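Just below is one structure, and these are the notes that go with it.
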Amino acid sequence: MHDETPKRFDRIVAILIQLQSKKIVRAQDLATRFEVSLRTIYRDIRTLEASGVPIYSEAGLGYSLLEGYRLPPVMFTREEAESFIAAEKLMEKFSDKSIGDQYASAMYKLKAVLKSADKDWVSTIESNVVMQPLEKTFPKQAPHALAFIFRSIADKTQLILDYQAFEADENTARTIEPVGVFHDHNNWYVLGYCHLRKDYRQFRTDRIHNILKTEIAFTKEHEALEFYLNKDKEEYPTTKVVISIEKKMAKYLSGERKYHGFVSEKVVGNKVEMTFLCKDIEDGFPRFFLMFGDFATILEPERLKVRVLELMGTIKMKLLK
């Protein structure tokens, strides 16, 4: 019979570490992470309690460690150290200066607890991992934007932005109550309640020219970020689009198609039939289609065909001038 003892021991230690990482940990979250039943988690918790770990349960919420109880720092495996290297390189390119500096400081502490042999091993990998330069997502005028936004969300205090909207020539002052932050299309966005517009809005961090953290408390109780992102998707009507594209070209669209409402695909002979639920068949999708139009056919709707022909006519006239 296979001995489950080592595996269970590792899981129990990992559960203890997770209990130290959050104020309250749900049993279901632990069961999902370790791919075991709730019954197994309950048994593991009892084992920790029997060994003297002061765990108390919040009815209907989860488990917590007694305030002040901490274990000495744990050692990291080489595999865990690998993930730190990848994260460090990403942080260098995808975070603002303040958060990047704080992460670099944290990395020194993480590396300090590695074994000597592992430090050399990590250093060798680190020097051979490079993130190619990307367009800056934080302007020089507001290098600490992301850090300020994070603190504002945690403290539930308002921010004042000097913000330039995409279609505007001049900046405007926006007082916002930030709900959350997300990354999309190689840009960071903050979603929050805008007191100027009296509604929820998204703000791209690279268009923030100055940011001021205030001590003014939120005036509203806000839902979680996912609520507003999903609501935003639901409020925009979509049009079903079906195209047929040659197999040799279809594989090149896997990265971009998700931004245009890609739903499904099926192989039909030597072509791939793709279905989209598209929000913009007047500009966004037609211009996307023109990138590979010589390899594809629009099956529906007719309006999309007409719009693509209109754009092609405009392009032709400009080229003939």
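Could you grab me the full set of residues in the range 256-287 that are over 20 Å from L311 (Cβ atoms) and acidic (D, E)?
Within the range 256-287, E265, E273 qualify.
Do we have any residue at all in the range 245-262 that's open to solvent by less than 60 Å² (accessible area, probe 1.4 Å), over 19 Å from H185 (Cβ atoms) and within 27 Å of the chain's Cα centre (by Cα)?
Yes, there is a match, as at least one residue in the range 245-262 is open to solvent by less than 60 Å² (accessible area, probe 1.4 Å), over 19 Å from H185 (Cβ atoms) and within 27 Å of the chain's Cα centre (by Cα).
Any residue at all in the range 97-108 that is surrounded by 13 or more Cβ atoms within 10 Å (Cβ to Cβ) and touching a His at 6+ places or on another chain (Cβ under 7 Å)?
Scanning the range 97-108 turns up at least one residue that is surrounded by 13 or more Cβ atoms within 10 Å (Cβ to Cβ) and touching a His at 6+ places or on another chain (Cβ under 7 Å).
If you take the residues in the range 69-126 that are among the small types (G, A, S) and closer than 20 Å to V13 by Cβ, which one is modelled with the highest pLDDT?
S83
Show me the helices (runs of 4 or more DSSP H) found entirely inside the range 210-321 where at least 3 residues are out of contact with any helix residue (DSSP H, G or I) (no Cβ under 8 Å at 6 or more places or on another chain), free of Cβ contacts under 8 Å to residues at least 12 places away in the same chain and under 30 Å from Q158 (Cα atoms).
Once the helices (runs of 4 or more DSSP H) in the range 210-321 are filtered for at least 3 residues that are out of contact with any helix residue (DSSP H, G or I) (no Cβ under 8 Å at 6 or more places or on another chain), free of Cβ contacts under 8 Å to residues at least 12 places away in the same chain and under 30 Å from Q158 (Cα atoms), what remains is 225-235.
The values are calculated or read from the model by the stated rules, or taken from the named source; none is laboratory data. Values in this document were obtained by computation on a predicted structure and should not be read as measured data. When we count neighbours, we look across all protein chains shown, and the Cβ atoms used for this are built from the backbone with ideal geometry, even at glycine. Note: accessible area is taken over every heavy atom of the protein model, side chains too, but ligands, DNA and RNA are not part of it. Shrake-Rupley method; radii C 1.70, N 1.55, O 1.52, S 1.80 Å.
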